[in-house]
Amino acid sequence: MPDHFVHESAYVDDGATIGAGTKIWHFCHVLGGAVIGERCSVGQNVVIMNGTRIGNNVKIQNNVSIYEGVEIEDDVFCGPSMVFTNVVNPRSHVSRKHEYRRTLVRRGASIGANATIVCGATLGEYAFVGAGAVVTKDVPAYALMTGVPARRVGWMCQCGERLPASGEGTCAACGTTFEKHGEGIRPVATGGAA
């Protein structure tokens, strides 16, 4: 008996690796070279292509496609109908498979519903991309990104609460303290509630 769940309407091709406790829901297709970690939730109508890697405890909501070249670390949230790309200049009549660009989503990042992540970008740890945003370049760790194109409008704690405008100080929700670090911020002391 498998240690993961695959809905009867989903297809998981031979060669796919699925971790313990992962659930793959209605009308999904996981191709043979995909690697999915433990305790993930793959919502309805999700496609996960060859050559993709998904960490542990990742939540992929309905109507998301994970294309070749995308790597998702642990504890990432991909909101409903958000979009990844893998080529910057697609043409139907021109094969660009040799031009796929890597997209990396670091641990704990959240991507809101209907956001678009243009290929070649790295989303830093615990970054937060707002609904409908279009990310065209790298995103710093803990950054709150909104708009088209996405711009940093603030900072977020790893617990998911907005930090003071400067990013420095203590999160009111979990007590984690942050300080400036180069162009970004980093935690220096962890609170007890995180």
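Each Lys or Arg adds one and each Asp or Glu subtracts one; over the other residues with Cβ under 13 Å from the Cβ of GLY154, this totals +1. Ranking CYS40, GLY184, SER110 by Cα position along the charge dipole of the chain, where only Lys, Arg, Asp and Glu carry charges on their C-beta atoms, puts GLY184 farthest toward the positive end. By the Cβ-Cβ criterion of under 4.7 Å, the unpaired cysteines of the chain are CYS28, CYS40, CYS78, CYS119.
Grab the other residues whose beta carbon is less than 10 angstrom from that of ASN89, score K and R as +1, D and E as -1, and report the net. All intermediate terms of the calculation are to be shown ahead of the outcome.
Values: positive: ARG91, ARG96; negative: GLU99.
With Lys, Arg at +1 and Asp, Glu at -1, the net is +1.
For the listed peptides 111-118, 177-184, a ranking on the average number of other beta carbons within 10 Å per residue, highest first, reads 111-118, 177-184. Sorted largest first by accessible area at a 1.4 angstrom probe radius, with every protein chain in place, the residues PHE128, PHE27 fall in the order PHE27, PHE128. Farthest towards the positive end of the charge dipole of the range 79-194, among the residues GLY175, ALA141, VAL83, is the Cα of VAL83, using unit charges on the Cβ of Lys, Arg, Asp and Glu.
Protection proxy ranking for 98-107, 5-14, using the average of other Cβ atoms within 10 Å per residue and placing the highest first: 98-107, 5-14. Given the options VAL129, VAL64, VAL87, state which has the largest fluctuation in a GNM of the chain using a 10 Å cut-off (strictly under) for Cα springs. Maximum among the listed residues: VAL87.
Dipole orientation for the chain: of the candidates HIS98, LEU123, ALA150, ALA150 has the Cα lying most toward the positive pole (charges on Cβ; Lys, Arg +1; Asp, Glu -1).
In the range 96-154, what % of DSSP beta bridges are antiparallel (nearest 5)? Intermediate values should be presented prior to the final figure.
Numbers: 3 of 12 bridges.
About 25 percent, rounded to the nearest 5.
Charged side chains reduced to their Cβ positions (Lys and Arg at +1, Asp and Glu at -1) give the range 73-194 a dipole of some 540 debye around its Cα centre. The label point for HIS98 and the one for VAL148, both projected 7 Å from the Cα toward the Cβ, are 3.4 nm apart. Derived scalar couplings between HN and Hα for the range 68-75 equal 3, x, 9, 10, 10, 7, 5, 6 Hz in order, rounded to whole Hz, by the Karplus curve 6.51 cos²θ - 1.76 cosθ + 1.60 (θ = phi - 60°), x for Gly and Pro. Per-peptide packing, taken as the mean over residues of other Cβ atoms within 10 Å, places 15-25, 49-59 in the sequence 49-59, 15-25 from highest down.
Find the lysine pairs in the chain meeting two conditions, Cα atoms under 28 Å apart and a separation of 8 or more places or different chains, and report how many there are. Could the numbers behind the result be given before it?
Working: LYS23/LYS59; LYS59/LYS97; LYS59/LYS137; LYS97/LYS137; LYS137/LYS180.
Close lysine pairs under the 28 Å cut-off: 5.
Would you tally the net charge around LEU31, using a Cβ to Cβ cut-off of less than 12 Å, leaving LEU31 out, and scoring K and R as +1, D and E as -1? Present the calculation step by step, with values, prior to reporting the outcome.
Working: positive: none; negative: ASP13, ASP14, GLU68.
Taking every other residue near LEU31 into account, the sum is -3.
Here the Gaussian network model covers the chain, with springs between Cα atoms less than 10 Å apart; of VAL76, VAL46, VAL94, VAL94 fluctuates the most.
The values are calculated or read from the model by the stated rules, or taken from the named source; none is laboratory data. Being a predicted model, the structure only gives us computed values, none of them experimental. Here the Cβ is made from the backbone with ideal geometry for all residues, glycine too, and neighbour counts use every protein chain on show. Only protein heavy atoms, including side chains, enter the accessible area calculation; ligands, DNA and RNA are left aside. Shrake-Rupley method; radii C 1.70, N 1.55, O 1.52, S 1.80 Å.
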